[in-house]
Structures are given as C-alpha cells and as structure tokens.
Amino acid sequence: MQQQKITLSQQAAQIKAELASKIIGEIDNNDGWLPFSEFMGLALYSPGLGYYQNSLHKFGEHGDFITSPELGSLFTQCFAQALIHLKDDCQNILEIGAGSGAMASGLLKSLQKLNQLPNRYFILEPSASLQSQQKETLTRDTPELLEKIVWLDKLPYGFEGIIFANEVVDAIPCNRIKLCQGGWRQVGVSVDAEPTQSFYWQVRQAQEENELPEKLREPNSFERGYTTELRPQAGPWLAALAESLSRGHVLLFDYGYGQDEYYHPQRSDGTLRCFSRHIAHSDPLQLVGLQDITAHVDFSELAKAAVSNNLVVEGFTTQAGFLLENGLLDLAQETSELTERFQTSQQVQKLIAPGQMGEIFKVLHLSKNTKVRMPGFSLQNHLGKL
C-alpha cells in the first residue's frame, strides 16, 4: 500500500528515523534479512523508541486505537461482576500490560462499589512511559486506592489470585510464513540500498516444521502463496504465567479465533494489522515506532500450551457472551440522563455487536488448583472451537 500521508511532529519524526536506523543496523548484521518477529519486536519494544516504549500518545480517542475499557465503565463493571463470584480466589489481582491504566482504574472503582476490593492490585508493565501514564491515570481517578497498587518488573512466584491480560497476546511478536514450492518459508524484512533505505518483504529461510500448528502440516489444504502468522513466543509466555500462578485463574481478552477458523483456506493473507490514528491497514514496514502492529490470536495454540503447563481450560467465549452473561444490559439500564443513555447505548453497541468487538474479541478462562467457577462462559460456549 502507499505510505499514509501523515504530518509528523519533530519528536515523532526523530523517533521514526532513529528506530529505522537501528533496525537497518540489525538487518545489516544479519546478512541483510530479519525474521518478521524480530522486526516486529524492534518496532514495538526497542527501549525509548519502539511503539510501546516511546512517550508518544497511543490510547483513546486522540491516540491510535481504543480498547474496551476506554469506551466507558461497562466493560470493567461486567468483569467485576464476574470476579466477585471467585470469592477467596480474588484476594490478589495481577494485570499484565495495563496500557493507559483505564482497565485498572475502572476495575478497582467497580470492585470498590461492590465492596470487593482485592488486597493488592499488581501491574506488570515493562514500559517506563506506559507505567508513568498508568500512575498518572490512577492518581487522578482512584487516589484513595493507590496503596493497593504495586508495579512489578517481573512475574511473581507462587501467586494466588487472578491474572489477566487485555489485548496483550496480539502484540507478542509473530513470524509471517508463506506456502511456497517445497513447503512453508518465512517472510522476513530486508532494506533497499541507499539513498531510499526502505524496508521490503523478502521470502527466505524455511520454516521449522516442529513450530507449525497441526492445521498447517497439511499443505495440500492450502494454495501456494497462502500467507499467515505464527506466534512461537506465545507458548513460553503462557508457560511463564502458569509457573507464576500457584492457585487461581488466568483470563485472556483478545481478538482471534480457534485454529480451524484462524487457518481457514480463504484467510489467504493472514491477520496482520497496523493501527495509526484509528486507521487500520496491513503495512507494518512504514511508520516504524509510530504505529501499533498486531496479529490475531490463535486461541487453540494458547489452550494447548495451557494444558501442557498444568492449567485447566475452563471456558472460551466471545466478548459479547461474556459481557451479556455478567449483566451488561442491566448495568446499561441504570443510566438516567438522556445524554448518558445515548452514550451508554453507543458503548453497548461497540462492545457486543458482531461487526464491532462482540464476536471477534474472545475470552479464554484458565485455572489452576481451584474448583471455583466464573460466570460468563455458558451463554456462548465456544470450547468446541478450540
């Protein structure tokens, strides 16, 4: 696609230039080619320069995208309704990657209203700039609860409670692979010679078969040229959560599919997407450091990794099913002012409509050493799709 016509601030232009130079250096040091997962990791997580590490504004109406908690309070109110059923399992909460802090703020306020505050609310956030933004949000919105909030730089050991991540797995770097003559090969990134030094796609090394999902080990099911994504780091990431958790629950909110739908023959160009100023496109090689890069989540692989690491797969459902079962419509009806009712109606539409977040966003519930069950997975039970 053509470059987006965006006027960059001096700060943004400098970040883009410095990060591009760093990536070019890595490409040059790697025989002129990087696997896409390494390019994506640099673009998103390079200290001080990557999209999630630099100080540019990212979230909300004036950023690049809006997450469910930033639409309003309904998402976190429903999540709180689900959590209060977990009783003693909910004494501690750990949020992985807290973004702007909107989820933490909304969830703590909702639990406070229900008189079910946790003993501690932990946030694992590796980005110094996002951690600063979270502290600003929580200091403004919930100053009386700051003593309950603890920021971590690594996963705790022997954690008992709730671990959850909202739109985190989709940003774990992924590889791109393409079915070529002779099998699957990785699609990586190279760079043109000076003066342009533009990034471009290049198919190079063979994809290790042991990293392929079972669905992709039948290449005759796909036409040559079929392109998709793999996320080999997702399994070890989930294994680390399982090792950290002694007793309790893991909730993963993200957009994605079970494997049959993810690797459908008609999904021939994968799910790679970028977001910049609320414009979605599929070219991650432009605007490095200035745009989010994501790919949908293969929930079947996550479930498989969970079972391999002694977690129980308790439930898998759509965001719409989870929210509706946890009282979304009743909570929405509590608003009285006409303006509030209109805004609430808009919020409900975005959260549960099939064409919005309702169907594409899923919720995966895992547990360890507990028999306590969470509501939200019966209305639309999609376990059979994993």
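Every number in this text was worked out from the coordinates using simple rules, so none of it is lab data. It should be emphasised that the depicted structure is a prediction, and the values quoted were computed from it without experimental measurement. Backbone-built Cβ (ideal geometry, glycine too); neighbour counts: all protein chains shown.
What per residue convex hull volume, in Å³, do the alpha-carbon atoms of the chain yield? Could you put the intermediate results ahead of the total?
Numbers: hull volume 57.1 nm³, N = 386.
Expressed per residue, the convex hull around the Cα atoms of the chain is 148 Å³.
Go through the range 172-240 and name the trypsin sites (Lys or Arg not before Pro) that are in a DSSP coil and have 13 or fewer other Cβ atoms within 10 Å of their Cβ.
Numbers: sites: R176, K178, R185, R204, K215, R217, R224; in loops: R224.
In loop regions of the range 172-240 (DSSP not H, G, I, E or B), the sparsely surrounded trypsin sites (Lys or Arg not before Pro) are R224.
Set the bar at 29 Å for Cα to Cα. Now go through K154/K362; K148/K371; K135/K304; K215/K350 and name every pair that lies beyond it. Provide the component values of the computation, followed by the final result.
Numbers: K154/K362 26 Å; K148/K371 27 Å; K135/K304 35 Å; K215/K350 32 Å.
The pairs that break the limit, which is 29 Å between Cα atoms, are K135/K304; K215/K350.
From the largest down, the range 103-152 spans 32, 19, 17 angstrom on the principal axes of its Cα atoms.
Sort 227-239, 160-172, 18-30 by the packing proxy (mean of other Cβ within 10 Å over each peptide's residues), most packed first. Don't skip to the answer; put the middle values down first.
Working: 227-239: 19.2, 160-172: 21.8, 18-30: 16.0.
In descending order of packing, they fall as 160-172, 227-239, 18-30.
When the charge dipole of the chain is built from unit charges on Cβ atoms (+1 for Lys and Arg, -1 for Asp and Glu) and taken about the Cα centre, the candidate among H296, Q346, S110 whose Cα reaches farthest toward its positive end is S110.
Which value results when the Cα radius of gyration for the range 236-386 is divided by 2.2 N^0.38 Å? Display every interim value, and only then the final one.
Numbers: Rg = 17.7 Å, N = 151, 2.2 N^0.38 = 14.8 Å.
In units of the 2.2 N^0.38 Å rule of thumb, it is 1.19.
Only DSSP H runs of four or more residues enter the estimate; each adds -39500 (n - 2.57), and after division by the residues of the chain the mean residue ellipticity at 222 nm equals -9000 deg cm²/dmol.
Among the trypsin sites (Lys or Arg not before Pro) in the range 268-343, which ones are in a DSSP loop with at most 15 other Cβ atoms within 10 Å of the Cβ? Mind listing them?
Values: sites: R273, R277, K304, R341; in loops: R277.
In loop regions of the range 268-343 (DSSP not H, G, I, E or B), the sparsely surrounded trypsin sites (Lys or Arg not before Pro) are R277.
Helix 102-113 and the longest principal axis of the Cα set of the chain meet at an angle near 10°.
Could you state the per residue volume, in Å³, of the convex hull enclosing the Cα atoms of the range 324-386?
Values: hull volume 6.5 nm³, N = 63.
So the per-residue Cα hull volume is 103 Å³.
Taken about its Cα centre, the chain carries a charge dipole of about 340 debye when Lys and Arg each add +1 at the Cβ and Asp and Glu each add -1 at the Cβ.
Across the range 32-150, the volume of the C-alpha convex hull divided among the residues equals 121 Å³ per residue.
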